[in-house]
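What follows is a set of notes on a single structure, which appears directly below.
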């Protein structure tokens, strides 16, 4: 097993580390760079992994380096790792939103093997969804490495064009927040009609969970499942017609577009 070094020990790194450990990866093969001492101690206590305050020391000998830091500090991190990357030529996996692979390569000063990915927060419970893009320097073996890493926290899918990662951000990376907003709206609507808030939240959350499971486990299209639950002139049809009058599809399309465009803009802002 190659050594995997995580630069950054935040929530997403923790979710991936937890998935790897649950999948029987040796904790001695995992290193984590985390500047906050209390966070370092928690990572070592919870997972038994090696922890470091210094990135260069942790990256020494690593076959995979996961860049799990904010876009705003990624340039500085890459420059600090440049010598190690040029010498060792590891696979780099970046989960920083918006930052392109060519920017990472420029900051490193070399044509590195880079996989960009956009996971989402359900990875924290092993139910994540990640889109991945590999630049031309990534080998098939390295693609499998990246896939195994991200599959430790959920499902993965590859995209052929790097720009599509911004769309992945719009429908997966940021989309859990859309779901939470829908549950909030359902809860508030029920409370406004007299239902106790705890009952409203329980019903709304469980209904969304059940509907999601039906969609994934049945293998049928959302259109088919929607039509199956919609009786002519019934209560569901009345609600769906209200959504159509208010242009729900247009609202969602505009939201995904705004999210994707914001992701693309981050690249310019942090160049």
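The values are calculated or read from the model by the stated rules, or taken from the named source; none is laboratory data. Keep in mind it's a predicted model, so treat the numbers as computed, not measured. Cβ coordinates were reconstructed from backbone atoms using ideal geometry, including for glycine residues, and neighbour counts include every protein chain displayed.
The table below gives the values:
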{"quantity": "Filtered residue count, region 144-164, keeping only those that are more than 19 Å from residue 13 (Cα to Cα) and surrounded by 14 or more Cβ atoms within 10 Å (Cβ to Cβ)", "calculated": "4"}
{"quantity": "Enumeration of residues in region 86-104 that are crowded, with 22+ Cβ neighbours inside 10 Å and more than 18 Å from the chain's Cα centre (by Cα)", "calculated": "90, 91, 104"}
{"quantity": "Exclusive hit being part of a helix (DSSP H, G or I) and farther than 21 Å from residue 212 by Cβ, set 166, 160", "calculated": "166"}
{"quantity": "Among residues of region 27-52, those that are in a loop (DSSP other than H, G, I, E, B) and either closer than 18 Å to residue 91 by Cβ or touching a strand residue (DSSP E or B) at 6+ places or on another chain (Cβ under 7 Å) (or both), counted", "calculated": "2"}
{"quantity": "Breaking point among (1) touching a residue at least 40 places away in the same chain (Cβ under 8 Å); (2) within 17 Å of residue 6 (Cα to Cα); (3) surrounded by fewer than 23 Cβ atoms within 10 Å (Cβ to Cβ), for residue 76", "calculated": "(1)"}
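Here is a yes/no grid of residues against (1) outside any helix (DSSP H, G or I); (2) modelled with pLDDT of 95 or more:
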position	(1), (2)
61	yes, no
73	no, no
84	no, no
92	yes, yes
105	no, yes
111	yes, no
122	no, no
136	yes, yes
